[in-house]
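Visitor: Pasting in a structure now, in structure tokens, and then I'll have a few things to ask.
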Amino acid sequence: MGKQNPFFNHRGHREHREILEKSFWALRVLRSSIFLCRNHFTIQRLRRGEARFARTMPIPVLNLKHRVRITSFVALLVVCAACDVLSPTPPPTITPTRALSGPTLEPSPTTDVRPPTAVLAEDQILGGPGQNIPEAAALAPDSALPPVPMGTPGATAGSQRIQLVMADGAMLSGDLYQNISTQIETTTPQPLPRYSGVLLLGVSLAEWGDFPARLRDAGYTVLAMEIRSGGGTADFSVMLRALSETATVNPALLAVIGAGEGANLALQGCAVDLLCDTAILLTPTQRDVLSSAMSGYNPRSLLIAFSAQDTAAVDTARALQLVGTGDVRLEPSSAAGSGAALLFAAPDLTGTIGLWLAETLVE
């Protein structure tokens with residue numbers, strides 16, 4: 001055997017050998033093209049009758065520098081065309097590799113909704129605490145959750161301290177008075193009886209004294225709330241809707257009793273919320289504001305109690321009676337006092353309020 005040409009025997013790499021062969025044939029094609037161009041140039045000159053010029057004109061010859069440049073350019077084109085052979089694209093991986101944001105994980109085939117430290121049965125996966133709340137799912141649109149109990153019910157007054165979340169996220173405290181009678185234990189739970197609901201609005205829970213408990217004993221579910229400055233009708237709507245969602249309240253029979261600043265808010269809130277069936281105002285003072293609100297409150301009934309010695313309350317009560325289209329009753333008292341204090345200064349006022357609620361809160 002003759003000596004092998006090392007030009008075509010480069011350590012057995014087939015890809016490199018193919019590239020070199022392509023480069024070799026490209027050089028031969030380039031050489032043939034140059035030769036054909038030279039012959040074509042001569043033929044064209046002969047056809048034009050310039051044979052003498054063709055015989056005497058020196059044929060252009062490429063020097064070594066130009067040949068090296070052309071050869072290098074052709075070799076570069078061949079190498080670029082063979083890049084896929086030298087560096088093939090790696091196949092895609094099952095798990096994504098490191099990206100600019102960091103390493104990623106392969107997605108799970110299924111979603112496991114169970115907590116990592118608890119084992120739930122199949123029928124409990126979507127029924128555990130914090131996932132589905134039947135009380136919240138049963139609420140109508142734009143309604144509010146019932147009051148959240150805080151601590152244990154009071155031993156003496158029979159009240160339950162609660163908290164309500166306002167529309168802006170603020171937490172307001174109140175007292176809930178319910179008639180929950182002891183029932184005989186049965187295999188099937190019995191629904192709680194529903195009573196008419198009364199919302200008490202004042203600047204302090206203590207100012208009402210035993211009045212909420214007396215209303216509860218008379219057959220009402222009572223929610224006493226402290227109002228805040230700037231809360232307005234937005235707070236009022238949350239309070240009234242929370243009372244209507246209480247398990248022991250008939251949402252079709254709701255009354256609002258306001259004292260002092262709470263009386264002003266009671267009428268303004270009832271003017272924009274039709275859940276309020278009747279309102280009782282104890283010494284209201286904002287005559288112009290409340291007179292404008294009466295257009296939205298009419299034609300519902302209204303009871304206004306005030307001291308005859310309070311000129312601002314007297315003027316407000318008379319102005320509201322003039323613009324009211326429903327039953328607007330005035331209850332002036334000769335005793336001195338304002339707000340919830342009028343309940344204790346005029347003992348007959350409590351009975352008057354009880355008769356008013358019995359007459360207006362009827363189905």
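Any read-out appearing in this document is the output of simple, stated calculations on the displayed coordinates, not a laboratory observation. Values in this document were obtained by computation on a predicted structure and should not be read as measured data. Backbone-built Cβ (ideal geometry, glycine too); neighbour counts: all protein chains shown.
Visitor: Hey, for a label at Val362 modelled as a point 7 Å past Cα toward Cβ, could you say which residues of the range 314-353 have their backbone N under 18 Å away?
Guide: Backbone N within reach: 326-329, 352-353.
Visitor: Now for a different question. Can you work out ³J(HN,Hα) from phi for every residue in the range 290-303, in order, using Karplus 6.51 cos²θ - 1.76 cosθ + 1.60 and θ = phi - 60°, giving whole Hz and x for Gly and Pro?
Guide: Residue by residue, the range 290-303 yields 6, 5, 5, 6, 5, 5, x, 7, 4, x, 5, 6, 8, 10 Hz.
Visitor: Taking other Cβ within 10 Å of each residue's Cβ, how do Ile280, Ile227 sort, fewest first? Don't jump to the answer; show the numbers that get you there.
Guide: Details: Ile280 27, Ile227 23.
The fewest-first ordering by Cβ neighbours comes to Ile227, Ile280.
Visitor: Check Ser333: other-chain or 5+ apart residues with amide H under 5 Å from its amide H, H built from backbone geometry?
Guide: For Ser333, whose amide H was placed from the backbone, the distant partners under 5 Å are Phe306, Ser307, Ala308.
Visitor: Right, here's the next one. Stokes-Einstein D for the range 235-320 at 37 °C, 0.692 mPa s, Kirkwood Rh over Cα pairs, in µm²/s? Mind showing how you got there, number by number?
Guide: Values: Rh = 13.0 Å.
Calculated translational D: 252 µm²/s.
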